[in-house]
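The values are calculated or read from the model by the stated rules, or taken from the named source; none is laboratory data. Keep in mind it's a predicted model, so treat the numbers as computed, not measured. Note that we place each Cβ from the backbone using ideal geometry, even for glycine, and neighbour counts take in every protein chain shown.
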Ligand code: GLC
């Protein structure tokens, strides 16, 4: 029986996650977005069969923001109840003090075949605090049948997306489909909105990335105003007002039931929209996100999840072995084919079976390798505050409560105050 200062079961139950503490050898927290939990459980079963150990898989909230606060509660309590954490690509710096150095528990060269940028991202003061599990970048899903029907090209600018969405939405509504919308994305006030809005802003020339690599606040600029004003105009026009409460799965729900022309989402949605149960199977394609105007460039934001071992784990070696197994070539290949999760091993982007299952892993390879990072490294422990301030501002602008100009001016002041305290 595992023991800790605070039983994880209580904390998890308190926020609605599933899982009592059991007598398993290890506990692993996994995401549950789409088919993520089942894929995680299947991987764990293989490791159990190979080693004879037992693992309890704990599911976590879909919102990355809620997941972080759950993890912070558990780790700040120094609880040993969760051994292995699935952590977001923007968290290693912040959570590093609570995580073991995997270099000390894995064989030499354990990270050799992985994308170097992600290994660097997960290395904090020379300590490897997480192994790359899957990477992510924002992409545009579109209904190829409907673009054909209206004789439209795949849009390459946000302005073009807006126009195409208006045309198709108007046409479909005239044909009696009153629930049909042009564009769905992640507009709830959470980490996903930070990602979406950064993708709009960074796609304009000199739109910037909220805070630049030197730590200077850049978000209050004319291109950012343009980007957010355009997006605010989508609400009730090409996007339902409900999008202000959408995470990834709500957007997918609307798109997959055939009620939207475009969707911004991560690659995991591919396997699901192309599944046999999907109403739009074989009528969907994936493209890079649009650019901000003719002089801009597509700016899919870098996402992804890593596996880390808690410093408070009673079984760090066993936990590190589970991490090595789950991030191995075979497991990543299985997850790519069965769930369209982007491998963190470059070799798998040349694997015929992977490319047959997810063709855009080949065609959009550059989108994945040159994705735009959020300003997590430079703002360190302050990143969640920076992101919260940003997504709250964007949410207010999208809701029509404040103009993009006013919102970004206030945000600039708020971020300056945060910066004065430290980063
Ligand atoms: C995806 C990304 C992650 C991001 C989150 C936001 O899970 O992989 O990096 O923070 O979406 O919703």
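What are the pairs with Cβ atoms under 9 angstrom where one residue, in the stretch 29-49, is outside the structural domain of residue 269 (by TED's automatic domain parsing) and the other, located anywhere, is at pLDDT below 95 and assigned to a helix (DSSP H, G or I)? Sequence gap at least six, or different chains.
Short answer, once both residue conditions are applied: 29/8; 29/12.
Is one or more of the residues making up the stretch 307-318 closer than 24 Å to residue 62 by Cα and within 16 Å of the ligand (Cβ to nearest atom)?
Scanning the stretch 307-318 turns up at least one residue that is closer than 24 Å to residue 62 by Cα and within 16 Å of the ligand (Cβ to nearest atom).
How many of the residues making up the stretch 172-196 are farther than 16 Å from residue 383 by Cα and either within 16 Å of the ligand (Cβ to nearest atom) or not assigned by TED's automatic domain parsing to the domain that holds residue 394 (or both)?
6
Picking from 398, 418, 355, 411, which residue would you name as being free of Cβ contacts under 8 Å to residues at least 24 places away in the same chain and in contact with a helix residue (DSSP H, G or I) (Cβ under 6 Å, 6 or more places away or on another chain)?
355
Just for the stretch 71-91: of the residues that are more than 16 Å from the ligand (Cβ to nearest atom) and assigned to a helix (DSSP H, G or I), which one is surrounded by the most Cβ atoms within 10 Å (Cβ to Cβ)? Talk me through it step by step, then tell me what you get.
Narrowing the stretch 71-91 to residues more than 16 Å from the ligand (Cβ to nearest atom): 73-84.
From what is left, the residues that are assigned to a helix (DSSP H, G or I) are 73-76.
Values: 73: 16, 74: 24, 75: 18, 76: 11.
Per the criteria, the residue is 74.
Would you point out the residue of the stretch 208-244, among those that are within 16 Å of the ligand (Cβ to nearest atom) and either closer than 30 Å to residue 419 by Cα or not assigned by TED's automatic domain parsing to the domain that holds residue 379 (or both), that is surrounded by the most Cβ atoms within 10 Å (Cβ to Cβ)?
Among them, the one singled out is 210.
Can you give me the number of residues within the stretch 109-141 that are assigned to a strand (DSSP E or B) and within 16 Å of the ligand (Cβ to nearest atom)? Let's see the steps before the verdict.
Applying the first criterion (assigned to a strand (DSSP E or B)) to the stretch 109-141 yields 123-124, 127-128, 131-137, 139-141.
Checking which are within 16 Å of the ligand (Cβ to nearest atom) leaves us with 131-137, 139-141.
Going through the stretch 109-141 one residue at a time, the tally reaches 10.
Looking at the stretch 148-172, which of its residues are within 27 Å of the chain's Cα centre (by Cα), surrounded by 19 or more Cβ atoms within 10 Å (Cβ to Cβ) and assigned to a helix (DSSP H, G or I)?
Once the filter is applied, which keeps residues that are within 27 Å of the chain's Cα centre (by Cα), surrounded by 19 or more Cβ atoms within 10 Å (Cβ to Cβ) and assigned to a helix (DSSP H, G or I), the stretch 148-172 yields 158, 161, 162, 164, 165.
Cβ-Cβ under 7 Å, sequence separation 6+ or interchain: first residue in the stretch 237-262 and free of Cβ contacts under 8 Å to residues at least 40 places away in the same chain, partner within 16 Å of the ligand (Cβ to nearest atom). Which pairs?
256/272
In the stretch 245-257, how many are surrounded by fewer than 19 Cβ atoms within 10 Å (Cβ to Cβ) and in contact with a helix residue (DSSP H, G or I) (Cβ under 6 Å, 6 or more places away or on another chain)?
Number satisfying all stated conditions: 0.
For the stretch 173-210, enumerate the residues that are in a helix (DSSP H, G or I) and in contact (Cβ under 8 Å) with a residue 40 or more places away in the chain.
Matches in the stretch 173-210: 191, 192, 193, 194, 195, 196, 197, 198, 199, 200, 201, 202.
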